[in-house]
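Notes for the one structure printed next.
What follows is calculated from the coordinates using simple rules that are stated; it is not laboratory data. Predicted model only: the values in this text are computed from it and were never measured. Note: ideal-geometry Cβ built from the backbone for every residue, glycine included; neighbour counts use all protein chains shown.
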């Protein structure tokens, strides 16, 4: 509390619960255990809380930056931008939502794809930007995913996709539903050619993304405690009028129910994924 | 006059006329006065009124027609169009889902595999069929039947009519997402022709899970959307009461979807929509199925699969800069 606040009568003070506890900058607070963390430490730890191991959400660029080797990266489909043929408008115009999301994230849409390598092992990686309209899948996400798969097929290298999405983008109406079919069909093409596809499910992966390519990995990997499912917990609660079981739709729940292959700590993803990919491709494990 | 529950609100003027006609018929039966002229006049008027009402339907009105309680369901069309239908049950892993029906039948003598959502007519059947909202075992049964069709070189005919996938705890436990996703993947590569027809509601992933094919058709007053209008309204407008606005914004009716290239063909419904004349509707649907099956059946399988994949790839509205 500052000296100024100390001399204020208590009635004039703003309740701290209504304020952002820690300003952007040097320090940050764990969204899991509320521990106050030194930002530089947290970043070195790939945004995993050193106190409670909580995996915080990270953006698409940072995800790819921490997953891929520094050299030889090439972005795929960066020239594709969203359009609004339906002129969709709810409480706000879709066009305005797009502009706002683009300004806030610096991305044109919610998926970023790159060719690159992990420990020298070449692959294509794509990652969702959850802050871009909840990582929702519209036409651009679908097209970029397909182009990433195309590069995988052309170069015969694996595809890894990090999902973080609320599902299909309602503002693109039926176009967005069709992206489920389009992306799943691209995964079928990879399978036909024997090219590995690793789906990494991160917090959260829901709706049309989970009900398409994200569940179709040759291996499905999840980060700890990620929310993964088709319908959102609130929708289910309203439908069945029951309280949901503890840990429902979390990574550990999915592992128990057989939906994913393993749960991996973010800091181990490079090692574990490249190791399995090397076996699938019958090559030496990269070190 | 009280509301006739077999008619939607916007059809009530027609309902009133029809009631009057019915009344006159009764009088006509046991009286000597010739009122046939009057009946004929009213019938003509009723038809004109219906034509007038149906010439200018909103997206929301169409979505009500798509869920009309009297609208023909999958089993009705199977009964009208196919012969020797034998229903096949179960996903071989967990259960049989009555919200999706499937089986073999003959279409003009040729064997086909039919898969469709099935809603219930009365309360008991509605509960049993979960209002046509499938659970994972429903999609897995559908997939099993599709692969069966592939093995025995039978084309697959699907009928789509669901509000959407069932949002339940058990459905999540049994991998709802994976079940839908796998169908999309399998259908994109199934080595036999697939024709999908939206006959009522085409709602979200639950619809798409049997909706990937070589030819996708819609009945004139069916709808197809990424989420139900109520669902969209409750998320984007924070109130399910704004469903009519959501329906307009999403463009869920066939003509616009055809214009956008998202579906291939619209099958015209009889005056007043399918339930008014199930026979005519079935005949038109049958003709469309035969015509498409004939054309698709002549394509070599690799060409067919290539075209199916290309069809999926062109779905998208984006700019390349």
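Summary table below
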read-out	value
Rounded tilt (10° steps) of B:136-151 against the dominant C-alpha axis of chain B	70
Cα-based equivalent ellipsoid of chain A: semi-axis lengths in Å, sorted from largest, via gyration tensor	33, 24, 20
Tail weight of P(r) past 35 Å, computed on alpha-carbon pairs of the protein assembly as shown, percent	44
Contact order normalised by residue count of the range A:71-212, Cα under 8 Å, 6+ apart, percent	23
Cβ neighbours within 10 Å from other chains - mean over A:204-211	5
Cα gyration tensor, the range A:101-183 - rounded (a/c under 1.5), prolate or oblate	oblate
Nearest 10 degrees, 0 to 90: helix B:278-297 Cα axis against chain B principal axis	30
Rel. contact order, % - alpha carbon contacts under 8 angstrom, at least six apart, chain B	15
Contact order relative to length of chain A, as percent, for alpha carbon pairs under 8 angstrom and 6 or more apart	13
Max mean-square fluctuation residue, GNM over chain A, Cα-Cα springs under 10 Å, options A:209, A:221, A:48	A:48
Likely footprinting exposure, A:121, A:162, fewest C-beta neighbours within 10 Å first	A:121, A:162
Helix-only [θ]222 nm of chain A, DSSP H runs n ≥ 4, -39500 (n - 2.57) each, per residue, nearest 500	-10000 deg cm²/dmol
Sum of -39500 (n - 2.57) over DSSP H runs of 4+, divided by residues of chain B (222 nm, nearest 500)	-14500 deg cm²/dmol
Centroid-to-centroid separation of the range A:157-183 and the range A:60-123 [C-alpha atoms, Å]	13
Kirkwood hydrodynamic radius of the range B:213-269, Cα pairs, Å	11.9
Degrees, to the nearest 10: A:269-280 long Cα axis against longest axis of chain A	10
Inter-centroid distance (Cα atoms) of the range B:163-193 relative to the range B:117-154, Å	11
For chain B, built as a Gaussian network whose Cα springs stay under 10 Å, the top-fluctuating residue of B:298, B:265, B:118	B:298
Likely footprinting exposure, A:287, B:275, B:318, fewest C-beta neighbours within 10 Å first	A:287, B:275, B:318
P(r) tail fraction, the range B:241-301 - alpha-carbon pairs more than 13 Å apart, %	72
Debye equation applied to the C-alpha atoms of the range A:190-287, log10 I(q)/I(0) at 0.13, 0.19 Å⁻¹	-0.51, -0.92
Fewest-first sequence of A:54, B:83 by Cβ atoms within 10 Å of each Cβ	B:83, A:54
Gaussian network model of chain A, Cα within-10 Å springs - most flexible of A:158, A:50, A:196	A:50
